[in-house]
Amino acid sequence: MKKILSLFVMTSLALSCVPISEPEETQLQKKVNEYAEFTLTTDISSLSENQKKMIPLLIEVAEIMDQLFWKEAFGDKNALLDTLSDEAAKTFVRYNYGPWDRLRGNEPFIDGVGEKPAGAQHYPADMTKEEFEAFESEDKTSLYTFVRRNEEGQLYTLPYHEAFAAEVQRAADLLKQAAELAEDEGFKKYLNLRAEALLSDDYLASDLAWMDMKNNRIDFVVGPIENYEDQLYNYKTAHEAYVLVKDMAWSEKLAKYVSFLPELQANLPVEDKYKQETPGTDSDLNAYDVIYYAGDCNSGGKTIAINLPNDERVQLEKGTRRLQLKNAMQAKFDKIMVLISELLIDESQRKHVTFDAFFANTMFHEVAHGLGIKNTLDGKGTVRDALKETGSALEEGKADILGLYMVTQLHKKGEIEGELMDYYSTFLAGIFRSVRFGASSAHGKANMIRFNYFKEMNAFSYDAKKGTYKVNFDEFQAAMNSLSEKILTLQGDGDYAGVTQLFEQKGLVGADLQKDLDRVGEAGIPRDIVFKQGVEVLGL
């Protein structure tokens with residue numbers, strides 16, 4: 001049996017790095033302070049005794065996912081933390097799951113650290129793209145394999161369930177214990193199938209079972225799911241988990257919107273050939289209080305809405321489930337959005353920045369992932385495969401702009417309350433919030449492209465003296481339709497070169513915008529939130 005190199009080779013961090021100087025300590029404390037703390041809790045009095053017993057088990061599984069994400073994002077967590085004496089440095093490392101600032105383009109903030117590898121720990125740090133392309137392997141592009149190098153220098157693949165054998169076995173055992181407590185049969189089936197999936201890296205059956213759940217009060221998203229961490233190819237997924245409690249009243253209000261998907265798909269502002277796929281309508285749309293984040297979703301900017309599964313086979317057969325994380329969303333609105341609007345939105349339009357509009361824009365962003373096209377028109381495969389590392393950012397841009405399109409269309413039909421200007425002004429304010437996530441974030445890139453595109457089309461006016469922005473209503477709608485068409489066309493054509501050009505031309509922060517973003521920072525407005533969470537917080 002040939003020997004293999006260590007699974008998680010440390011990156012360019014020098015573990016014997018020089019102690020952090022006083023000025024850097026001050027800077028790091030400022031960075032820590034950019035995250036506003038928020039307590040994740042919910043009213044558990046209405047939960048059954050079995051549900052209360054189940055939550056600690058699910059949180060323990062989530063903690064395992066957190067450990068796995070550390071290995072995927074950086075390597076040995078403790079080897080890094082043990083070199084640091086400054087508490088602010090340790091705290092900021094924990095926020096970022098490594099020594100790179102996720103909300104500032106992954107710039108290193110610890111002495112002796114080089115650039116973050118584009119592929120994180122999913123590939124050998126010294127692997128070139130040419131070497132990868134020449135590597136003959138059926139599963140090198142699998143969502144669930146690492147690419148590693150043996151002692152002879154040759155590349156090979158290592159499935160997640162083998163790399164993390166002990167961890168996923170423990171997680172599977174806990175999921176089966178939780179399944180025994182489940183009172184909803186659909187949830188019981190999902191937990192058991194998800195346990196098996198962690199042990200095999202075959203998630204299709206559990207994804208389909210998750211789609212079939214309709215009445216469960218507790219929900220659990222777990223596994224290697226999103227591919228944001230792999231910025232080399234966008235192939236590899238990373239581990240994460242959410243423990244959720246459904247808000248029954250809010251969910252009932254949202255249920256009707258999924259039925260409009262086929263009609264909205266048919267009316268997309270693009271040539272017919274780019275909208276021939278039929279979105280699944282077995283989807284559901286619900287609101288939740290999230291009570292635990294772990295892994296990928298907990299790193300840097302926090303996720304406030306979920307649209308899953310990502311598997312195109314499931315999406316075409318059943319659609320997706322859209323989960324709105326209402327308590328986390330409210331935290332970002334209160335602690336960030338309101339303050340940004342008071343600084344950057346024209347005084348006459350600040351009244352239009354509302355939580356209901358923020359909730360709707362975020363919700364329809366997730367719903368809009370189900371619109372458009374999943375497979376390229378040339379029949380060669382999925383859009384995700386064709387666009388490689390550019391795919392995630394363009395997909396987020398599509399969801400943002402088609403979410404706004406959905407709001408506009410449903411408002412015209414009388415299905416959404418409030419003024420349309422509420423949604424547009426809140427959307428504009430939301431760009432400034434998300435742009436601060438940095439160029440390393442798919443959401444940050446998508447927002448920069450949209451900001452610059454809208455600027456070129458005069459969708460908003462800028463008062464240079466006041467440093468404020470104002471929506472130009474008619475031009476805003478025109479820009480929305482134009483950018484929707486452009487993105488859908490790029491996706492349908494699988495136009496990797498065209499997407500790359502779009503990012504190069506419009507993915508940059510201009511001088512005026514940077515000046516205003518600096519003002520936001522100087523005003524002490526948080527960049528994002530960080531959670532106080534766990535069994536003790538919940539009183540369990």
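What the table shows:
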{"read-out": "Close pairs from the stretch 387-406: first crowded, with 24+ Cβ neighbours inside 10 Å and of a type in the set (Asp, Glu), partner in a helix (DSSP H, G or I) and modelled with pLDDT under 90, Cβ under 6 Å, at least 6 apart", "value": "Asp400/His365; Asp400/Ala446"}
{"read-out": "Hey, Thr42 of a type in the set (S, T, N, Q) and either within 22 Å of Val537 (Cα to Cα) or not assigned by TED's automatic domain parsing to the domain that holds Leu158 (or both) or not", "value": "yes"}
{"read-out": "Residue in the stretch 341-355 that is closer than 23 Å to Pro279 by Cβ, small (Gly, Ala, Ser) and touching a residue at least 40 places away in the same chain (Cβ under 8 Å) present", "value": "no"}
{"read-out": "Of residues in the stretch 335-371 being acidic (Asp, Glu) and at pLDDT 95 or above, the one nearest to Met480 (Cα to Cα)", "value": "Asp346"}
{"read-out": "Filter result for Asn96 (of a type outside the set (Ser, Thr, Tyr) and under 19 Å from the mean Cα position of the chain (by Cα))", "value": "yes"}
{"read-out": "Hey, Ala88 touching a Leu at 6+ places or on another chain (Cβ under 7 Å), farther than 30 Å from Leu181 by Cα and either in the same structural domain as Gly223 (by TED's automatic domain parsing) or in a helix (DSSP H, G or I) (or both) or not", "value": "yes"}
{"read-out": "Helices (runs of 4 or more DSSP H) completely within the stretch 99-216 that count 3 or more residues being in contact with a Lys or Arg (Cβ under 8 Å, 6 or more places away or on another chain) and crowded, with 18+ Cβ neighbours inside 10 Å", "value": "165-181, 185-200, 204-212"}
{"read-out": "Within the stretch 31-52, considering residues that are part of a loop (DSSP other than H, G, I, E, B) and hydrophobic (A, V, I, L, M, F, W, C), the one nearest to Ala89 (Cα to Cα)", "value": "Leu40"}
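Every residue, every condition in (1) at pLDDT below 95; (2) over 23 Å from Glu396 (Cα atoms), yes or no:
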| site | (1), (2) |
| --- | --- |
| Ala479 | no, no |
| Leu483 | no, no |
| Phe503 | yes, no |
| Gly510 | yes, no |
| Gly521 | yes, yes |
| Gly524 | yes, yes |
| Val530 | no, no |
| Gln533 | no, yes |
| Gly539 | yes, yes |
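Yes/no per residue for (1) among the acidic types (Asp, Glu); (2) surrounded by fewer than 20 Cβ atoms within 10 Å (Cβ to Cβ):
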position	(1), (2)
Tyr228	no, no
Lys253	no, yes
Lys256	no, yes
Glu263	yes, yes
Ala287	no, no
Ile291	no, no
Gly295	no, no
Gln324	no, no
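The values are calculated or read from the model by the stated rules, or taken from the named source; none is laboratory data. Owing to the predicted nature of the structure, the values given are computational and were not obtained by experimental measurement. Glycine gets a Cβ as well: all are built from the backbone with ideal geometry, and neighbour counts include every protein chain shown.
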